[in-house]
1. Spin-label point model (7 Å from Cα, Cβ direction): what's the GLU94 to ALA312 distance in nm?
2. Charges on Cβ only, +1 for Lys and Arg, -1 for Asp and Glu, centred on the Cα centroid of the chain; of GLN133, PHE5, ALA308, which one is farthest towards the dipole's positive end?
3. State the extension gain, in nm to one decimal, for the chain segment bounded by GLU108 and TRP44, taking 0.36 nm per residue of separation less the distance between their alpha-carbons.
4. Suppose R0 equals 45 Å. What FRET efficiency, 1/(1 + (r/R0)^6) with r the Cβ-Cβ distance, do ASP143 and THR60 give to the nearest 0.05?
5. Determine the alpha carbon to alpha carbon distance for each of LYS17/LYS199; LYS78/LYS314; LYS125/LYS241; LYS125/LYS199; LYS17/LYS125; LYS78/LYS125 and list only those over 26 Å.
6. If you average 1/r over every pair of different alpha-carbon atoms in the stretch 87-190 and take one over that average, what Kirkwood value in Å do you get?
7. Fewest first, what order do SER277, SER93, SER222 take by the number of other Cβ atoms within 10 Å?
8. Kirkwood hydrodynamic radius for the chain: how many Å is it when counted over pairs of different Cα atoms?
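None of the figures in this text is laboratory data; all of them are computed from the coordinates on show. In this text, all values refer to a predicted model and were calculated from it rather than measured experimentally. Note that each Cβ is placed from the backbone with ideal geometry, even for glycine, and that neighbours are counted across all protein chains shown.
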Amino acid sequence: MNLLFISDPLESFKIYKDTTFAMMREAQKRGHRVAACEPQDLMWQSGGLVMAHVRDIALTGQPDAWFEVSQSRAVALKDFDAILMRKDPPFDSEFFYATHLLEQAEREGARVFNKPAALRDHPEKLAIMEFPQFIGPTLVTRDEADIKRFHAEHQDIILKPLDGMGGMGIFRVGPDGLNLGSITETLNRHGAQSLMVQKFLPEIVDGDKRVLVIGGKPVPFSLARIPQGGEVRGNLAAGGKGVAQPLSERDRFIAESLGPILHRRGLLLVGLDVIGSSLTEINVTSPTCFQEIFDQTGFDVAAMFIDALELALKG
């Protein structure tokens, strides 16, 4: 297969933990050709096909100069067997525009994973609201009075921006309500922006579990991201410690319930975040944790992913 990865700059990869790198490595091991570009390399001229300025690369196996470029070229996206959209969040206006170009490429015959429309339709925090049976008490609003009411009911709450990533902008407010007003004003920009408010889940001490779902089926291990040093955030980017562990019965039930639904919508790879027994996010843009799970358990998540990709392309 001829694969195109749309990602952040290759030069920025930390290959010891990067999931896109693990995908590329497994693809190359199977004899597939690998090319890469960034979202800004996409181009669509009126009357023409959606194109990209790409680099054809080979992985070297070296830790520093980990890839080499055989050629750079402009090519129509439809000429690839599969395009993997792996640009990290945030889902900003440029990401939004990229999904429209990729959707046009689909109309021209390209196969894109995850599907561009599905990326737009599943904002990673809001998407959980479709499945209230799996989530804890949650409110989405920009209204300060709504937030105060929710705090009065649940006492211990988490507030976070809808477009945050890596634990950015997450606040906890306890029963005393200290700084609730100023935190609300900061996150909702004085009523101009919506935010999410959730009942605090004390099970966070055992980790914010990343449950990967590939081709509608759960990976048998999660990565529990455990807060460190008095932090309330388990995100690895916020200093959390990643501990791989077998799925609990509840984890598996959530994943097996949502997996087929999300797969039918065009989401080949999904990262479900679970705290205790509650679903807290549905990550679709660029789910990670492949290498951490493999390093700690020996389960080859990248091989499972490329298996699913190959199967999808046969369909």
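1. Between GLU94 and ALA312, the simple spin-label model gives 2.4 nm.
2. Positive-most Cα among the choices belongs to ALA308.
3. Values: separation 64, 0.36 × 64 = 23.04 nm, distance 1.20 nm.
The GLU108-TRP44 span can extend by a further 21.8 nm.
4. Values: r = 54 Å, r/R0 = 1.20.
Calculated transfer efficiency: 0.25.
5. On the way: LYS17/LYS199 31 Å; LYS78/LYS314 16 Å; LYS125/LYS241 22 Å; LYS125/LYS199 14 Å; LYS17/LYS125 24 Å; LYS78/LYS125 31 Å.
The answer is LYS17/LYS199; LYS78/LYS125.
6. Working: mean 1/r = 0.0627 Å⁻¹.
This gives a value of 15.9 Å.
7. On the way: SER277 16, SER93 8, SER222 29.
The most exposed by this proxy come first: SER93, SER277, SER222.
8. On the way: mean 1/r = 0.0488 Å⁻¹.
Value: 20.5 Å, from the Cα pair sum.
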